[in-house]
Amino acid sequence: MADQTLVRFVNERNILASLRVSGPTTRADLARLLSLTPASITRVVNDLVSRDLIVQMALPKAHQTAREPGRPGVGVGLNAGGAYFLGVEVGVGLLRFAVIDLAAGVAQTSQVEFDPASSPSAVVELIAAKVEQLQTAPTIHAKLRGVGVTVPGLVDLDGHVVNLPILGWRNIGFGVLLEDRLSLPVSVENNANAAALGAVYADPEMSAGSAIFLKLGTGCGGAAIINGQLLRGAFGTAGELGHIRVSDDGYPCSCGQLGCLESWVNLSALARAFGAGNTLGAAKLQRLPRTVAASFRNGEERGKHAVESIAKYLGLGISSLVNVFNPNTVVLSGIMRPVLEICLKNIQSDVARRVIFGSRIPEIRLSGLADSECAIGAATVAYQRFFEMSPVEN
Ligand SMILES: [Zn+2]
């Protein structure tokens with residue numbers, strides 16, 4: 001990429017990011033914020049307007065300043081319908097889809113069941129069918145700029161699914177398979193990483209911050225956003241926060257070790273602490289957090305014990321993570337939510353008690369994206385990668 005092209009590309013990306021995070025503003029404010037000359041901002045903004053990515057709009061009175069008396073109330077903002085991104089969450093027998101627009105708003109969500117014994121090629125065909133189905137929404141289909149896929153497993157920087165135990169996939173070049181089928185840019189990402197990015201895009205206040213994510217369910221996925229960037233590590237598999245050690249003994253973790261955080265806070269751990277053993281079927285296990293929450297609220301001892309056990313180990317694990325990463329926010333998500341709603345305050349006070357003296361205590365909260373968080377996150381991965389990896393194209 002020639003130097004001039006690179007400079008223009010960076011300026012475009014920064015303008016789009018600023019408008020997404022801070023909302024519509026004047027050209028003069030953009031120029032000040034990004035340290036660009038008025039001539040540069042005009043050139044890049046006009047180009048983005050001509051490509052339908054941003055639009056001129058009237059601004060609220062708060063933007064009208066004495067310094068710009070000649071152009072009161074006229075500014076630019078993102079054209080939400082200027083580009084769309086499809087996110088796909090590959091789960092156990094379930095594909096969840098989400099389409100987000102250029103303003104990171106969710107345009108639609110849907111889901112389809114599939115046989116968990118399906119081959120990667122069969123899953124590629126299901127995703128291709130979804131893209132074809134988007135033709136019923138012509139504005140989305142015409143402006144679809146990328147597809148993001150998440151899986152609850154290890155993914156390397158090239159989109160290779162290194163290990164996906166729930167579907168028995170190992171070393172599958174899923175990104176290449178899907179890209180060949182769709183002729184669209186495809187990104188593949190670990191589901192917790194994607195959910196973390198999705199939460200950041202959904203909450204502009206977190207965009208430049210540092211946050212830790214734990215996704216609790218069958219496993220305990222983790223991700224770290226440090227100073228606005230997803231922590232990927234040398235080969236892309238960083239952030240396996242569920243496998244930090246919180247005890248010397250315990251139960252076998254999915255990674256084969258003993259004492260991992262995951263083995264104390266996942267659904268199996270909840271079942272053990274609730275006295276339900278390890279014989280619950282998949283459907284009952286999925287309902288278990290609600291069952292335990294109801295038991296707790298009914299004053300039952302075993303419900304109280306199960307909630308306290310999850311809270312205890314989350315407090316231990318999160319304290320270590322806070323000492324390592326110094327986040328502003330810790331976001332908890334996944335189907336453990338009914339239990340977490342009960343014990344969130346206890347975890348917050350436990351972490352405050354445990355972290356090293358002088359550390360700023362982060363806010364610990366539940367994700368606001370609910371069931372579609374990984375699919376929305378996958379779409380934001382496609383969004384981010386599209387604007388980071390290539391000059392903006394219409
Ligand atoms: Zn482990």
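The values are calculated or read from the model by the stated rules, or taken from the named source; none is laboratory data. Treat the numbers as computed from the prediction; the structure is a model and nothing was measured. We place every Cβ from the backbone using ideal geometry, glycine too, and count neighbours over all the protein chains shown.
For a quick check of your reading of the model, give me the residue pairs whose first member lies in segment 152-175 and is assigned by TED's automatic domain parsing to the domain that holds A192, whose second is part of a helix (DSSP H, G or I), with beta-carbon atoms closer than 6 Å and at least 6 apart or on different chains.
P152/N191; G159/G175; V161/F174; I172/P120; F174/P120
Suppose we keep only residues that are outside any loop (DSSP other than H, G, I, E, B) and surrounded by 19 or more Cβ atoms within 10 Å (Cβ to Cβ) within segment 229-249. Which one would you say is nearest to the ligand (Cβ to nearest atom)? Even if it seems obvious, please write down each step before you answer.
Of the residues in segment 229-249, the ones outside any loop (DSSP other than H, G, I, E, B) are 229-230, 241-243, 245.
Now narrow it down to the ones that are surrounded by 19 or more Cβ atoms within 10 Å (Cβ to Cβ): 230, 241-242.
Values: L230: 21, L241: 10, G242: 6 Å.
Of everything passing the filter in segment 229-249, G242 is nearest to the ligand (Cβ to nearest atom).
Report, by residue number, each residue of segment 186-223 that is more than 25 Å from V124 (Cα to Cα) and among the polar types (S, T, N, Q).
If the condition is that a residue be more than 25 Å from V124 (Cα to Cα) and among the polar types (S, T, N, Q), then S207, S210 are the ones that fit.
Give segment 14-51 a look and list any residue that's in contact with a Pro (Cβ under 7 Å, 6 or more places away or on another chain) and without any contact (Cβ under 8 Å) to a residue 40 or more places away in the chain, or say none.
Once the filter is applied, which keeps residues that are in contact with a Pro (Cβ under 7 Å, 6 or more places away or on another chain) and without any contact (Cβ under 8 Å) to a residue 40 or more places away in the chain, segment 14-51 yields only A31.
What number of residues within segment 125-154 are of a type in the set (G, A, S), exposed (fewer than 14 other Cβ atoms within 10 Å of the Cβ) and farther than 15 Å from L95 by Cα? Spell out the reasoning first.
Going residue by residue through segment 125-154, those that are of a type in the set (G, A, S) are 128-129, 137, 142, 146, 148, 153.
Right, trim to exposed (fewer than 14 other Cβ atoms within 10 Å of the Cβ) and you get 129, 142.
This time we only want the ones that are farther than 15 Å from L95 by Cα, so: 142.
Summing the residues that are of a type in the set (G, A, S), exposed (fewer than 14 other Cβ atoms within 10 Å of the Cβ) and farther than 15 Å from L95 by Cα in segment 125-154 gives 1.
Considering only residues that are part of a helix (DSSP H, G or I) and more than 23 Å from A202 (Cα to Cα), which ones fall in segment 1-28? Steps first, answer last, please.
Of all residues in segment 1-28, those part of a helix (DSSP H, G or I) come to 3-22, 27-28.
Of everything in segment 1-28, those that are part of a helix (DSSP H, G or I) and more than 23 Å from A202 (Cα to Cα) turn out to be D3, Q4, T5, L6, V7, R8, F9, R27, A28.
So, in segment 319-333, of the ones that are out of contact with any Asp or Glu (no Cβ under 8 Å at 6 or more places or on another chain) and among the aliphatic types (A, V, I, L, M), which residue ends up surrounded by the most Cβ atoms within 10 Å (Cβ to Cβ)? Step through it out loud before you land on a result.
Initially, segment 319-333 is screened for residues out of contact with any Asp or Glu (no Cβ under 8 Å at 6 or more places or on another chain), giving 320-327, 331-332.
Still in the running and among the aliphatic types (A, V, I, L, M): 321-322, 324, 331-332.
On the way: L321: 22, V322: 22, V324: 12, V331: 27, L332: 22.
Top of the filtered list is V331.
With the condition being of a type in the set (F, W, Y), I'd like the helices (runs of 4 or more DSSP H) fully within segment 252-346 carrying at least 2 qualifying residues. Give the derivation first.
On the way: elements: 262-265, 267-273, 282-297, 301-325.
Answer list for segment 252-346: 301-325.
Hey, among S187, S268, which residue is touching a residue at least 60 places away in the same chain (Cβ under 8 Å), buried (at least 20 other Cβ atoms within 10 Å of the Cβ) and of a type in the set (S, T, Y)? Quick ask: steps written out before the conclusion?
Numbers: S268 fails: touching a residue at least 60 places away in the same chain (Cβ under 8 Å).
From the options S187, S268, the qualifying one is S187.
I need a count of the residues in segment 218-228 that are part of a loop (DSSP other than H, G, I, E, B) and within 12 Å of the ligand (Cβ to nearest atom).
So the first thing to find is which residues in segment 218-228 are part of a loop (DSSP other than H, G, I, E, B), and the list is 218-219, 227-228.
Of the ones still in play, those that are also within 12 Å of the ligand (Cβ to nearest atom) are 219.
Of the residues in segment 218-228, 1 are part of a loop (DSSP other than H, G, I, E, B) and within 12 Å of the ligand (Cβ to nearest atom).
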